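Below: the structure, in structure tokens.
The values are calculated or read from the model by the stated rules, or taken from the named source; none is laboratory data. Remember, predicted model here, so these are calculated numbers, not experimental data. Note that we place each Cβ from the backbone using ideal geometry, even for glycine, and neighbour counts take in every protein chain shown. The accessibility values were calculated without ligands, DNA or RNA, using every heavy atom of the protein model including side chains. Shrake-Rupley method; radii C 1.70, N 1.55, O 1.52, S 1.80 Å.
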Amino acid sequence: MSKPEKIVAIKGMNDILPQDAPLWELFENTTETILKSYGYQKIVTPIVEQTGLFARAIGAVTDIVEKEMYSFEDSMNGDQLTLRPEGTASVVRAVLEHNLVYDGPRRLWYKGPMFRHERPQRGRYRQFFQFGAEAIGFSGPDIDAEMIMMSRRLWDDLGLQNVRLELNSIGNAEERNRHRADLIVYLEKHEDILDAEAKRRLHSNPLRILDTKNPAMQEMVNAAPRLLDYLGEESLAHFNGVKALLDKNAVQYTVNPRLVRGLDYYNRTVFEWVTDELGAQGTICAGGRYDPLIETFGGKPTPAVGFAMGMERIIELMKGLGEPAEPNVCDVYMVHQGEEAQLQSFILAERIRDAGLDVVLHCATPTGAGSFKSQMKKADGSGAAFAVIIGQDEIANNAVQVKTMRGEIGEQQQASVPFEEVVDYLVDQIVGGHVHGPDCDHDHDHVHRH
């Protein structure tokens, strides 16, 4: 019989392995804490939505809708469905469907996987994870500044450096239309310089040409009409308000007139947090204002602003800090030998967990339960603060041996503790912060036996 073919993950859809989990947990816990401290509430939306949701929100003439979405027909009913490529459209759909802003504005946050059929490279994957925040129903520059300052706090708390803020305003639709007409005229005069992608976008989405990375087009693009010069009094006042708040709070930024973002629903403030440490995929967080979006979904005109950050890219930066990820640790590792000892270990492990401590119980492998020596190696590798040891002697004496695991070799000690006192003893040692109890037993023969 031939060996079954090995099945591997889909290209660009990666596993998060246990050794990487601590960094992910640190990032998620830090981000959630910061978002909650600003009054943002969690919202969870489905991974699959109607295809029309994203085509309407993102824009039909965008790379995401044209080339990158995972779309399919539901064979059960013929519905056209799509794996969500970004989070804002789903959040707005949920806000409208459940009338979440009927009693006032909402601050919301989300996290989860998104899907785009791109060429996988460092920091860009076909399944990727995002944290995002949306503030819906707020119209002033203050909420724009809050979004930016909230993300800056995250970089500070994570210890990330060399992350810079780029800022721009793309005004309103009328201002963009006037700029768009002049931009097309300008680009047509330089059509011989445009690459194939720029020529394709020339009349459908010329604003995106300004964001080109093609070196041969940089000089021409730099001299193109600037959208900032087309801003009316209201848009300019809003942008100046954002900058004034950032200035007062010592937030450093660069105004980048070429920053336009890739989604059609943006207006006025747009921003990106960028690093040079990830190669071409240098944007780790991006967002802006999207006041027109809710109305295009059939809702009442409602101002809104948001951002999303790529979790994989930030994890890459965290790895670069040179601080190894802390291993997952437990408080107690249960070591046992013999049938009675195993039964007693199960009982004690549950009691210790009832007290709020984390316990790993040694379990048999295909090679057997393992000797005391091999079990103690497992206990040490688990990162446990204490090993609770039960053998025939302990069963006869109704007492376990509790061995400290985290001190220096000369400091590691062992105490004999009656079964009924084990929970209180461990809680006192771990929660109370004591390394050794007053009745530590230096029975080296017993230590060596284990």
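Restricting segment 137-163 to residues that are part of a loop (DSSP other than H, G, I, E, B) and of a type in the set (A, V, I, L, M, F, W, C), which is most open to solvent (accessible area, probe 1.4 Å)?
Going through the qualifying residues, I end up with 138.
Hey, can you tell me all the residues within segment 405-416 that are at pLDDT below 90 and either within 21 Å of residue 356 (Cα to Cα) or of a type in the set (S, T, N, Q) (or both)?
Across segment 405-416, the qualifying residues are 405, 406, 412, 413, 414.
Report the residue count in segment 346-391 for those that are modelled with pLDDT under 90, in a helix (DSSP H, G or I) and not basic (Lys, Arg).
7
May I ask you to verify whether residue 400 is under 13 Å from residue 337 (Cβ atoms) and either modelled with pLDDT under 90 or crowded, with 16+ Cβ neighbours inside 10 Å (or both)?
When the stated conditions are applied, residue 400 passes them.
Here are 140, 104, 87, 132: which of them is at positive phi and assigned by the TED database to the domain that holds residue 40?
104
Picking from 283, 302, which residue would you name as being within 15 Å of the chain's Cα centre (by Cα) and assigned by the TED database to the domain that holds residue 23?
Going through 283, 302 in turn, just one is within 15 Å of the chain's Cα centre (by Cα) and assigned by the TED database to the domain that holds residue 23: 283.
On the basis of being open to solvent by 40 Å² or more (accessible area, probe 1.4 Å), in contact with a Pro (Cβ under 8 Å, 6 or more places away or on another chain) and farther than 30 Å from residue 276 by Cβ, does residue 350 make the cut?
no
Can you list the helices (runs of 4 or more DSSP H) lying wholly within segment 1-111 that have 1 or more residues being surrounded by 11 or more Cβ atoms within 10 Å (Cβ to Cβ) and at pLDDT below 85?
Passing ranges, in order: 21-37, 51-58.
Could you tell me which of the residues 247, 276, 229 is surrounded by fewer than 20 Cβ atoms within 10 Å (Cβ to Cβ), over 19 Å from residue 92 (Cα atoms) and touching a helix residue (DSSP H, G or I) at 6+ places or on another chain (Cβ under 9 Å)?
Residue meeting the stated conditions: 229.
Of all residues in segment 1-31, count the ones that are of a type in the set (D, E, K, R) and without any contact (Cβ under 8 Å) to a residue 60 or more places away in the chain.
5
Could you count how many residues in segment 331-347 are polar (S, T, N, Q) and open to solvent by 70 Å² or more (accessible area, probe 1.4 Å)?
The total comes to 1.
Within segment 165-185, can you find the residues that are open to solvent by 10 Å² or more (accessible area, probe 1.4 Å) and assigned to a loop (DSSP other than H, G, I, E, B)?
Scanning segment 165-185 gives a single hit, 172.
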